[in-house]
Amino acid sequence: MNEKDKPRIGVFVCHCGVNIGSIVNVPEVVECAKTLPNVSYAEENLYTCSSEGLSKIKEAIKKHQLNRIVVASCTPRTHEPLFRSACEEAGLNKYLFHMANIREQCSWVHAKEPRKATEKAKETVRMAVAKAALLEPQAEPEIDVQGSAVVIGGGVSGMTAALSLANQQFKVYLIEKEKELGGKLKELYKLYPNDKPSSEILDEYVQSVCSNPNIKVYTSSTVKQIEGFIGNFEASINHEGREQKLNAGTIIVATGADVFKPRGMYCYGENKNVITQLELERLMKENKLGEPKSVVMIQCVGAREEREGGRNYCSRICCAVAVKNALQIKELFPGAEVSILYRDMQTYGKEFEEQYQKARGNFVQFIRYDFENPPEVCTRPDGGLSVKVHDILVNATLELDADLVVLSTPLVQWEDAKELSKLLKVPLGAEGFFLEAHVKLRPVDFATDGIFVCGAAHSPKTIAESIAQAYAAASRAGIPMALGRVRTEAITAFVDEDLCTSCGTCVKLCPYNAIRKDDEGIARVNDVLCKGCGVCAASCPEKAINMRHFSDAQVLAEATAALGGS
Amino acid sequence: MSKSVLVVGGGIAGIQASLDLANRGTKVHLVEKTPSIGGRMAQLDKTFPTLDCSICILAPKMIECFRHPNVNLLTYSELGEVKGQAGNFTVKILKKPRYVDAVKCTGCGTCIEKCPIKVPSEFDMGLGNRKAVYMPFKQAVPLVAAIDPERCLYFTKGVCKICQKVCPSNAINYEQKPEEIELNVSSIILATGFDVFDPSRMSEYGYGRFKNVVHSMEFERIICASGPTDGHLVRPSDGKEPKSVVFVQCVGSRSQHGDFPFCSSVCCVYATKESILIREHAPETQVYIMYIDMRAVGKGFQEFVDRAKKEYGVKYIKAHPGGITEDPTTKNLQIHYEDMKTGEMKTLDADMVVLCPALIPKADNKKLARAMNLEVDEFGFFKSKNLLTAPMDTNVPGIYICGYCQCPKDIPESVAQASGAAARAAETIACATKEAKR
């Protein structure tokens, strides 16, 4: 190794305000870092991530000819990109940067033991420096992104996303499993807030979608296979019995949700006058409601169950839907009595709360029941329905006669979503809905690049919220397509051809289908598909597979440093 | 025809809209009224339901905005006159003088250290102090000081000039004048966020009279490690750790007689989060949340409330207190309420009360609306063109809205709407470009 290539490591230890500095003795960590092999410079910062801190890194790279940088601060999950680009701006390949997490792993978890936290921080820095000395520059190859998208699901979310992408001048393939577009919108009666019939809005949407030259609609179609990666997906769909292949740069999942059928609850399925809110909408739409004199609605049927493995989530829309439908019944049949039995009226925001108050003023009766003491529904000998409920606000048990009981049941994930999640290799959350990359700041992204989610497929939400998310997904999908190219992951696996014995272990184990055998039987890694998980490298019996940026030598150096060696 | 977009408001919604557009190659001008972007999210300690550190997940995005070659960051600036139509708006931006040269200032903080004048910090909700020359908070973006001319001794009395003497970069410039910048943009995205209702208007709760009655934004700063108490859970009257804390929901919101009948949508769950934080900071402290209806409607929120009850022992009481009284000697509080479950009148003693006030649209919205011929509702929320099908569109083509200024919503919803507004702006540019090619 000549003098120029010799590692010259700079170490920056962050106070993170008081997050690290009030527990860990930062100056001591800096002094320790200065004694470590290959370290040419070390300093402390109040916030290394501030503009000032980043400038200091860049200055030090130039002033001290640093060729490796270690920042000891918080989590790489949020801050690594920032520090990496500071290195790049100072002319250093960004993979010559390494981060030591002394906040989450030291000051936060050992807040009551400052001495031990400081010692651990020093060890963490020693490990990072040991690895940094062996870091090598890596490249992120660029690939082209096709300006076309596959949108899966032709409900209001999918149609909105398709229209936005089409307006952004991308080609869109809209896939709908049913014969017609519209999804759940087809079954609804009137829509909040203007009491417009859903059919009017649906017709406008379908017409805009079908007349848009950038959108190709495939109804009666299901997705059979997805190959490829961001920029170059190939979706095989079954379109009216024939297989068709579609090429796309991005994919949006807008498959919506089903409504829970509460079989066996509150006489549902036994008495035909016990129905769900969605069935009520259909009856009103088809003018088949008859003339009910007394309607009782029950909220949280099969939702907010508060038990292990139960449907514990709140379905968000049911309270507002019940209020809307109660007002509709009152309008159609002013003499009808309508009661809503609820646990909490979750009419959040501005308009729903307004409607709730309107319903209260309109003689809709609101009766609050307790989770531990739910209502009981029984069929009377004369065939009518009777609902017994303990009203906690007046502390009395009431018996209500009803000729119609309407159950507010939650939105639930479709049965076939599991299959789609496997095809796309994107996860579902505990409650069955598609799981986004970050619940707070990446609500419509998947962790997998180039695939996005919107609408009720993500979680129960209103039409307006689904539409907002659909536009969001169209924005996110539009970014790589507008640029026309994307940088790919540099931390990938690579195969030493001389060592590969064509056993195929890696091919079977790769969760991303990124490894195939070539004509000679040698394992080949597709760099774009590879996510750098390391499963292949760990399981290769011949040690023929190594990971970029996580080579055996680098990992061993870290481990040796952790054990006190050098 | 312009291909750039103006974003008004540098909170999480404005930041997200800006980054989505900038990342697709669109030039963005991001205007923020205060000296730093970050908005309300920067003030929060943790976020629900994941308990992520708020500034930690926000700061990378703030800095990305600052460093992005397609983002022109205009902090300490306000939107003035707006003319034109979609595809071609001419807007005037008033850039207030910082009296600090933004190019020369390195953010070292020497001037701040030496400045003799203490001013209540807006960022810390007045619970801590800043100086007359200041940076709003430690992670401020840009990290450039500003002089508050209303409090600076030089501007008020013509003396001092210490900051100028100590600045190692010679960045202090008392002669700086307001600047007017004219921009040509294709679309405008408004993301002005919210204000906190002043709970002293509900005198029965004693806010402003009783030291240990605080509101939830103040509490976020108290519990935050970078806040005025360094994250120690203490009550204002004596700096001691409270042994019992009561949260009161719907203070000024859901009011049938007051100004704000709407529900702010986030309070039930942030109170749950703040309760969990109390139990983590001080496991002996009892926490109660008094609520009318528990509204935990977002993804994972109900599960979060269940966890607060079962794992953290937070006690939820269905009640809307009638009043709060104070023991003048101990400064302890008594909360008087009717237990909705039993109808009994009860009193609960507490060392500290956190009020959850209505979150209301910015007072400025009405002025902005006039400048752009936009419709606002009676509270000052910008009106959507169609609440159902076009939530981010306004009555003026090419002007879009997102985040809390459209109606109450939480962070993920604001982020989604912000990306959505960016899509609408991108559509406007793409359609105009296509037309121009014809």
> Given segment A:252-376, what percent of its DSSP beta bridges are antiparallel, to the nearest 5?
Replying inline: 10
>> In whole Å, what are the extents of chain A along the principal axes defined by its C-alpha atoms, from largest to smallest?
In response: 96, 60, 42
> Per residue of A:188-200, how many C-beta atoms from partner chains lie within 10 Å of its own C-beta, taken as a mean?
Replying inline: 1
> Which angle from 0 to 90°, rounded to the nearest 10, does the C-alpha axis of helix B:411-437 make with the longest principal axis of chain B?
Replying inline: 20
> What order, most packed first, do the peptides A:542-548, A:113-119 have when packing is the mean number of other Cβ atoms within 10 Å of each residue?
Replying inline: A:542-548, A:113-119
> Counting other Cβ atoms within 10 Å, which GluC sites (Glu not before Pro) in segment B:244-345 have at most 16 and lie in a DSSP loop?
Replying inline: B:Glu284, B:Glu311, B:Glu344
> What translational diffusion coefficient, in µm²/s and rounded to a whole number, does the Stokes-Einstein relation yield for chain B at 37 °C and a viscosity of 0.692 mPa s, taking the hydrodynamic radius as the Kirkwood radius over Cα pairs?
Replying inline: 142
>> Once the convex hull of the alpha carbons of segment A:1-118 is built, what does its volume come to per residue, in cubic angstrom?
In response: 94
>> For chain B, give me the percentage of DSSP beta bridges that are antiparallel, rounded to the nearest 5 percent.
In response: 55
> Once you average over the residues of A:162-169, how many Cβ atoms of partner chains fall within 10 Å of each Cβ?
Replying inline: 5
>> To check you understand DSSP bridge types, tell me what percent of the beta bridges within the protein assembly as shown (both residues inside) are antiparallel, rounded to 5.
In response: 50
> Tell me, B:Leu387, B:Leu44 in order of fewest to most beta-carbon neighbours within 10 Å?
Replying inline: B:Leu387, B:Leu44
> Taking the C-alpha atoms of the protein assembly as shown, how large are the radius of gyration and the largest Cα-Cα span, Dmax, in Å?
Replying inline: 29.7, 98
> Counting only other chains, what is the mean number of Cβ atoms within 10 angstrom of the Cβ of each residue in peptide B:261-268?
Replying inline: 5
> Restricting attention to segment A:154-193, which GluC sites (Glu not before Pro) occupy a DSSP loop and are surrounded by at most 15 other Cβ atoms within 10 Å?
Replying inline: A:Glu178, A:Glu180
>> If packing is taken as the average number of other Cβ atoms within 10 Å across a peptide's residues, how do B:397-405, B:178-186, B:124-132 rank, most packed first?
In response: B:397-405, B:124-132, B:178-186
>> Taking loop as defined by DSSP and a crowding limit of 15 other beta carbons within 10 Å, which GluC sites (Glu not before Pro) in segment A:331-429 fit?
In response: A:Glu372, A:Glu415
> Within chain A, which is the longest segment containing none of the chymotrypsin sites (Phe, Trp or Tyr not before Pro) that sit in a DSSP loop and have at most 14 other Cβ atoms within 10 Å?
Replying inline: A:1-362
> Per-residue HN-Hα couplings for segment A:438-443, Karplus 6.51 cos²θ - 1.76 cosθ + 1.60 at θ = phi - 60°, whole Hz, x for Gly and Pro?
Replying inline: 8, 5, 8, 10, 10, x
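Each value in this text was obtained by applying a stated rule to the coordinates, not by laboratory testing. Quantities reported herein were computed from a predicted structural model and do not represent experimental measurements. Because the Cβ atoms are built from the backbone with ideal geometry, glycine has one as well, and the counts that use them run over all protein chains shown.
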